[in-house]
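Presented below is the structure to which this report refers.
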Amino acid sequence: MKQTLTQSMAWLHTWGGLLFGWLLFAIFLTGSLAVFDQEIDHWMQPEIKQTSVSSAQAVEHAVAYLQRQHADASAWNISLPSERMPALRVTAGDRRSGISTYLDPLTGEPLVVRDTAGGTFFFRFHYSLSMPRNPGIWIVGLAAMAMLVALISGIIIHKKFFKEFFTFRPNKGQRSWLDAHNASAVLLLPFHLMITYTGLLIFALIYMPAALDSLYNGNFAAFYQEHIDVPEEHHAVQTSQAPLTDLAPLLAQAEARMGPLSGVVIEHPGRSDAHIEMRRVLGNRIALTKGHNMVFDGVTGELLAGPPELRPTVLVQRVMFGLHFAQFGGYPMRWLYFVCGLLSSAMIATGLVLFTVKRRRKYASESALGQQLYRLVESLNVATVAGLAVACIGLLWLNRLLPVELAQRAGWELRGFFAIWLLSLLHAWLRPRLQAWREQLSLAALLCLGLPLLSVFSDGQAWGDSMRLWLEVTVVALGLLLVWSVWRLRQPQVQRSERRERSVQAQVN
Amino acid sequence: MMTAFLGSLLLAYSSMLALCQGLERHYKQVWGRAPTRLQRRVLRGSGWLLLAASLWGCAQAWGWAMGPVGWFGMLSLSGFALALLLPYAPRLAVYAPVLGLPCWLLLYALAG
């Protein structure tokens, strides 16, 4: 039988959407949380206090500490306190593998800070599912491709795109689910398309390496070098001891040129070939400016390389990245991205629920195997949507409940996170459908509403830190939303019985 | 920046509201009768004008590069909020900008 375009697109949208929907929901929800990764990081490190010190003062303390403790290190990295992250962190050696210490920005004394997965975990999960880097990136890329397919097939099969632009009809069962799915998809379509497309572009060179392979023999560094004027590595033949130049004037110069700074990297400190790199905070412009910094001579203080001018092609690429990473536009923009991301997740969730709502009547007539498969779909829906919510808020609880001195604490937080998620699947499989939804959503709501209390009792300080307070207020607001959804879950049965009564009355009349 | 941001959010919601009320179905939903042809024209016209005004407001908050990005986000969110609000509290959905305007003016006066 020949199918129309709409029919085949509907088939593609239904099954592609279902198979990738679970994964996509997890990617979108953790991505939305990752918008506030540093804020969550800060909440998860209650040992660090909010302070306001100038970057010059912070750098002075950091350099003094590094000179005292790590005078012979090959490099020093200083992460400066910022509006979003009040921590001052110094690393001796490589930025990723070196030894990191947190310092009190006011006194320069080292702080003991708990080992935690942090908000950074949501970010890592968002792009690699916490798997080894490349397989994770490939799976997420596949899901993003499926998302793009679902969006476009969804546009094609939507019959009343403009006619039902503002339409939402609650309390009508399947109709309401479809309305909610359509409204969240259509009204946020610019966001869905932008975030999916730019997300795919970030790792485009991994997904489509042909150009890089044929033009640069697969050498990414060579490609990068040619497109951005990265300052050449100066290797002085002979190096000798030489004192480090005063950093304060360099900081002022860099801040005047690039705006707020995120950190300072000092290569070969205390030697004649020392280099100082001033790194800027991302977000002075849309384009992601990672790595586009100013480099100074570490002895004379002379400017060696300024922030590079981007070629138009690179600029386009960087703007695409920047649109996805949402580092620009300050907190108002961050909030827009966060809420849009949550609604994207909700759009995916309503799609998943719609799949089962549509077919629920047919279940009974299916074979035993078919019935089991539908039950599996229902359980997976509960575990992905409600279960992940429990696991995410559970991670924040684990951060406070696990003993501070536990070895490999961050690892245990993550094990806890995945254990909760797995348990939610088991629970969803064992309990009847509606109870499973209600119980898991209630648990998530309870954990959200209880978070401020947990934080008061575990930190022993009553909401003194405005950033942590904001996070807790937001979590409580999300908790209230969950309470509302639990309350709504009781409605359909009431509605149905009312309708039955009404139809009985109609028959009598 | 905060006043410009909230101001353009108010404009974005008002523009979506005006465009929405310019449709017969949603006008009926709130007022229980069909709009006259003139009302429909005025609502739609002011909807488009407010839409442009909110873009201008976003440019004031973020500049012309980031402004349009934030503008799309605002339109989406206020349109969605409106769609959810209409069936539950139609009058509130319509009067929200009327309540929002004095709040914003107060903020504007305080922020200077």
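A short reminder: the numbers here are calculations on the coordinates, not readings from a lab. This one's a predicted model, so the numbers in the text were calculated from it and none came from an experiment. We place every Cβ from the backbone using ideal geometry, glycine too, and count neighbours over all the protein chains shown.
Where the only charges are on Cβ atoms (+1 Lys, Arg; -1 Asp, Glu), what is the dipole of segment A:1-100 about its Cα centre, to the nearest 20 debye?
Working: 7 positive and 8 negative charges, 62 e Å.
Charge dipole of segment A:1-100: 300 debye, to the nearest 20.
Can you tell me how much longer the chain between A:Val476 and A:Arg375 gets when fully stretched, taken as 0.36 nm per residue apart minus their C-alpha distance, in nm with one decimal? Write down the numbers at each step before the final one.
Working: separation 101, 0.36 × 101 = 36.36 nm, distance 3.21 nm.
Going from the current span to full extension adds 33.1 nm.
Determine, for A:Ile139, A:Ile202, A:Ile27, the number of other Cβ atoms within 10 Å of each Cβ, and report the residues in order from fewest to most.
Values: A:Ile139 16, A:Ile202 20, A:Ile27 24.
Arranged by neighbour count, lowest to highest, A:Ile139, A:Ile202, A:Ile27 become A:Ile139, A:Ile202, A:Ile27.
Find how much the distance from A:Ser240 to A:Lys159 grows on full extension, using 0.36 nm per residue of separation minus their present alpha carbon separation; answer in nm with one decimal.
Working: separation 81, 0.36 × 81 = 29.16 nm, distance 7.46 nm.
Extra length available between A:Ser240 and A:Lys159 comes to 21.7 nm.
Is any residue of segment A:143-177 close enough, with backbone N under 18 Å, to a label point placed 7 angstrom from the Cα of B:Glu24 along the Cα-Cβ axis, and if so, which?
From segment A:143-177, the list is A:160-167.
With all pairs of different alpha carbon atoms counted, what Kirkwood hydrodynamic radius in Å does segment A:104-206 show?
Working: mean 1/r = 0.0585 Å⁻¹.
Here the Kirkwood hydrodynamic radius works out to 17.1 Å.
Report, as an integer, the average count of C-beta atoms from other chains found within 10 Å of each Cβ along A:322-333. Don't jump to the answer; show the numbers that get you there.
On the way: counts 2, 2, 0, 0, 1, 0, 6, 12, 6, 3, 13, 7.
Whole-number average of other-chain Cβ neighbours for A:322-333 is 4.
From the residues A:Leu19, A:Ala143, A:Met9, which one has its Cα farthest along the dipole of segment A:1-146 in the positive direction, the dipole being from +1 and -1 charges on Cβ of Lys/Arg and Asp/Glu about the Cα centre?
Going by the Cα projections, it comes out as A:Met9.
Order by neighbour count: A:Ser130, A:Ser345, A:Ser379, fewest other Cβ atoms within 10 Å first, most last. Intermediate results must be reported in sequence, preceding the final value.
Details: A:Ser130 16, A:Ser345 24, A:Ser379 21.
By the 10 Å Cβ count, ascending, the order reads A:Ser130, A:Ser379, A:Ser345.
Using 1/(1 + (r/R0)^6) with R0 = 22 angstrom and r between the beta carbons of B:Trp31 and B:Ala89, what's the FRET efficiency to the nearest 0.05?
On the way: r = 14 Å, r/R0 = 0.65.
E between B:Trp31 and B:Ala89, to the nearest 0.05, is 0.95.
Output the 0 to 90 degree angle, nearest 10, between the alpha-carbon long axis of helix B:2-21 and the longest principal axis computed from the alpha carbons of chain B.
Tilt relative to chain B: about 20 degrees.
Give the residue from A:Ala248, A:Pro190, A:Phe168 lying farthest towards the positive end of the charge dipole for segment A:161-283; charges sit on Cβ (+1 for Lys and Arg, -1 for Asp and Glu) and the dipole is referred to the Cα centre.
Ranked along the dipole, the leading option is A:Phe168.
Over what distance in Å are the Cα centres of segment A:190-229 and segment A:261-284 separated?
26 Å
If each of B:Ala81 and A:Ala368 carries a label point 7 Å out from its Cα toward its Cβ, how far apart are those two points in nm?
That separation, rounded to one decimal, is 5.4 nm.
If you plug each phi of segment A:170-183 into the Karplus form 6.51 cos²θ - 1.76 cosθ + 1.60 with θ = phi - 60°, what whole-Hz ³J(HN,Hα) values come out, in order, with x for Gly and Pro?
x, 6, 10, x, 4, 3, 5, 4, 5, 4, 4, 4, 5, 5
Just from its helices, what would the mean residue ellipticity at 222 nm be for chain A, if runs of 4 or more DSSP H residues each count -39500 (n - 2.57) and the sum is divided by every residue, rounded to the nearest 500 deg cm²/dmol? Can you show the working numbers first?
Numbers: 19 runs with 313 residues, N = 509.
After summing the helix terms and dividing by the residues of chain A, the value is -20500 deg cm²/dmol.
Measuring from label point to label point, each 7 Å out along Cα→Cβ, what is the A:Val456 to B:Met2 span in nm?
About 2.5 nm separates the two model spin labels.
Pull out a ≥ b ≥ c, the square roots of the eigenvalues of the alpha-carbon gyration tensor of segment A:369-509, then state rounded if a/c is under 1.5, prolate if not and a/b is larger than b/c, and oblate in the remaining case. Before the final figure, lay out each step's value.
Numbers: a/c = 4.43, a/b = 1.74, b/c = 2.55.
The shape class here is oblate.
Return the distance in nm (one decimal) between the two label points of a simple spin-label model at B:Leu106 and A:Gln7, each offset 7 Å from Cα along Cα→Cβ.
Output for this residue pair reads 6.0 nm.
Which order results if A:Asp213, A:Asp179 are arranged by neighbouring Cβ count within 10 Å, fewest first?
Working: A:Asp213 12, A:Asp179 19.
The order, fewest Cβ neighbours first, is A:Asp213, A:Asp179.
Which of A:Gly370, A:Ala410, A:Leu446 sits farthest toward the positive end of the charge dipole of segment A:369-509, with +1 on the Cβ of Lys and Arg and -1 on the Cβ of Asp and Glu?
It is A:Gly370, whose Cα lies furthest towards the positive end.
Nothing charged except the Cβ atoms of Lys and Arg (+1) and of Asp and Glu (-1): what's the magnitude of the dipole of segment A:369-509 about its Cα centre? Round to the nearest 20 debye.
On the way: 14 positive and 9 negative charges, 141 e Å.
Its charge dipole is roughly 680 debye.
Normalise the Cα radius of gyration of chain A by 2.2 N^0.38 Å (N = residues in it) and let me know the number.
Working: Rg = 26.5 Å, N = 509, 2.2 N^0.38 = 23.5 Å.
Ratio of Rg to 2.2 N^0.38 Å for chain A: 1.13.
May I ask you to derive the relative contact order of chain A, considering only C-alpha pairs under 8 Å and at least 6 residues apart, and to give it as an integer percent?
Details: 710 pairs, mean separation 86.8, N = 509.
Once divided by the residue count of chain A, the mean separation gives 17 percent.
Which of rounded, prolate, oblate describes segment A:306-395, given a ≥ b ≥ c as roots of the alpha-carbon gyration tensor eigenvalues and a/c under 1.5 marking rounded, otherwise prolate only if a/b is larger than b/c?
Taking the square roots of the gyration eigenvalues as a ≥ b ≥ c, segment A:306-395 is prolate.
Over segment A:369-509, what relative contact order in percent results from Cα pairs under 8 Å that are six or more residues apart?
Numbers: 107 pairs, mean separation 37.7, N = 141.
Normalised by residue count, the contact order of segment A:369-509 is 27 percent.
How large is the Kirkwood hydrodynamic radius of segment B:2-111, in angstrom, based on all distinct alpha carbon pairs?
On the way: mean 1/r = 0.0701 Å⁻¹.
Result for segment B:2-111, one decimal place: 14.3 Å.
Residue-wise, which Karplus ³J(HN,Hα) couplings in Hz belong to segment A:76-81, taking 6.51 cos²θ - 1.76 cosθ + 1.60, θ = phi - 60°, and x for glycine or proline?
Couplings: 10, 10, 10, 9, 7, x Hz.
Placing +1 at every Lys and Arg Cβ and -1 at every Asp and Glu Cβ, with all other atoms neutral, what dipole size does segment B:2-111 have around its Cα centre, in debye to the nearest 20?
On the way: 8 positive and 1 negative charges, 109 e Å.
Its charge dipole is roughly 520 debye.
Using θ = phi - 60° and the Karplus form 6.51 cos²θ - 1.76 cosθ + 1.60, what ³J(HN,Hα) does each residue of segment A:366-373 get, whole Hz, x for Gly and Pro?
For segment A:366-373, the Karplus curve yields 6, 5, 4, 5, x, 4, 5, 5 Hz.
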